[in-house]
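The values are calculated or read from the model by the stated rules, or taken from the named source; none is laboratory data. Worth saying up front: this structure is predicted, and the values here are computed from it rather than measured. Backbone-built Cβ (ideal geometry, glycine too); neighbour counts: all protein chains shown. Accessible surface is based on the protein model in full, side chains and every heavy atom, while ligands, DNA and RNA are left aside. Shrake-Rupley method; radii C 1.70, N 1.55, O 1.52, S 1.80 Å.
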Amino acid sequence: MPFSWNDLLWGLAAPLVTAAGLRFVLVWIAHQLFPVDKSEPDSEEIPSATNDPVSPLETSLPLVAGAAVGYFKLKLGPWIPDAHYEWLPIGVVMAMLAASAVSLMGRSALVRFGILPVVSAAVAAGVGYLLMPTWDALSPPYVPYLLCWCVGVTVVSATTELSSESSRWPFTVVWLGTCLAVSAIVAISDSLLFTQIAGLPFGASLGLVVAGIFLGRSPLGGIGLTSTTYLAGILLIAHVNSWSDVPIVCYWLPMAGPFLAAVLGMFLPFKFPAALRATLVILAAAIPSTIAVAMGIVATLSE
């Protein structure tokens with residue numbers, strides 16, 4: 001499946017620049033609305049240089065905007081959805097808006113452990129309903145497939161948002177690696193259209209990382225629900241529309257990576273050596289993704 005320079009421009013470069021630029025703008029606006037108290041010793045530092053939790057609005061909105069630029073410039077789908085897979089952009093926007101709304105409620109225990117999981121489940125149910133086709137030949141059958149997908153998205157998104165590990169640098173590698181693994185699985189499934197769609201969040205995530213480096217902020221904090229919805233959604237689309245021999249487990253394993261990394265980060269003590277901690281967190285995500293890609297390649301060798 002050859003890619004043109006146009007694909008690289010609008011599929012990688014444009015999402016990267018758009019996401020990075022918009023994040024800079026959002027942080028600047030936040031600084032203007034909530035200026036630093038000049039009486040404080042650290043008054044020279046702007047909020048972007050602090051270790052404050054990153055709001056989904058700061059990262060998820062640029063992620064969606066960056067991916068949208070590539071999606072519509074490459075004409076990967078219409079503005080008004082018709083086919084089931086064309087609802088993915090709307091589903092991702094729903095996830096971004098929901099995550100941003102929850103973040104505005106604060107970080108109390110009620111919000112984090114009560115409202116966040118419920119909202120994540122509601123978003124997963126809505127997006128799953130939009131994306132899941134109702135074909136008679138759907139395998140697995142519609143109801144158990146939809147239920148399992150919704151539960152999976154809810155668990156992964158809520159866990160990554162609740163884990164403090166998601167705001168650290170090793171988790172940046174986890175998200176970027178998961179984006180690449182998802183793109184590889186979709187490509188192995190032999191669909192150029194869906195592969196292009198799957199690759200968009202990688203470019204946008206790189207833009208967020210670049211902006212995060214310059215701003216001194218968590219590179220990919222706050223994207224749990226939005227990124228999980230996007231990646232799990234395109235894996236679902238690729239599976240139900242694929243005629244390849246790639247086993248269904250290959251479409252599920254990549255999303256187990258962020259979940260395992262987040263859970264491991266919760267249980268590792270903070271006094272753990274930083275290098276070893278980072279290695280274990282990254283490996284926890286890399287192993288299932290690597291297995292999925294390897295299985296997919298082996299399954300399609302005879303095609």
Hey, residue 151 β-branched (Val, Ile, Thr), farther than 22 Å from residue 292 by Cβ and without any contact (Cβ under 8 Å) to a residue 40 or more places away in the chain or not: no
The range 117-158, subset assigned to a helix (DSSP H, G or I) and among the hydroxyl-bearing types (Ser, Thr, Tyr), residue nearest to residue 88 (Cα to Cα): 129
Only listed residue being hydrophobic (A, V, I, L, M, F, W, C), touching a residue at least 24 places away in the same chain (Cβ under 8 Å), open to solvent by 10 Å² or more (accessible area, probe 1.4 Å) and over 24 Å from residue 100 (Cα atoms), chosen from 236, 264: 264
Helices (runs of 4 or more DSSP H) lying entirely in the range 191-303 (those with 2 or more residues that are within 18 Å of residue 23 (Cβ to Cβ)): 192-215, 224-240
Verdict on residue 257 being open to solvent by less than 50 Å² (accessible area, probe 1.4 Å) and modelled with pLDDT under 95: no
All positions within the range 71-94 that are free of Cβ contacts under 8 Å to residues at least 12 places away in the same chain, surrounded by fewer than 17 Cβ atoms within 10 Å (Cβ to Cβ) and part of a helix (DSSP H, G or I): 72
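Out of the residues in the range 99-111 that are under 17 Å from residue 60 (Cβ atoms) and more than 14 Å from the chain's Cα centre (by Cα), which is modelled with the lowest pLDDT?
107
Against the condition within 16 Å of the chain's Cα centre (by Cα) and open to solvent by less than 30 Å² (accessible area, probe 1.4 Å), how does residue 55 come out, does it pass?
Criteria not met by residue 55.
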Residue list for the range 137-167, filter: within 23 Å of residue 116 (Cα to Cα) and either hydrophobic (A, V, I, L, M, F, W, C) or open to solvent by 70 Å² or more (accessible area, probe 1.4 Å) (or both): 146, 147, 148, 149, 150, 151, 153, 155, 156, 158, 162
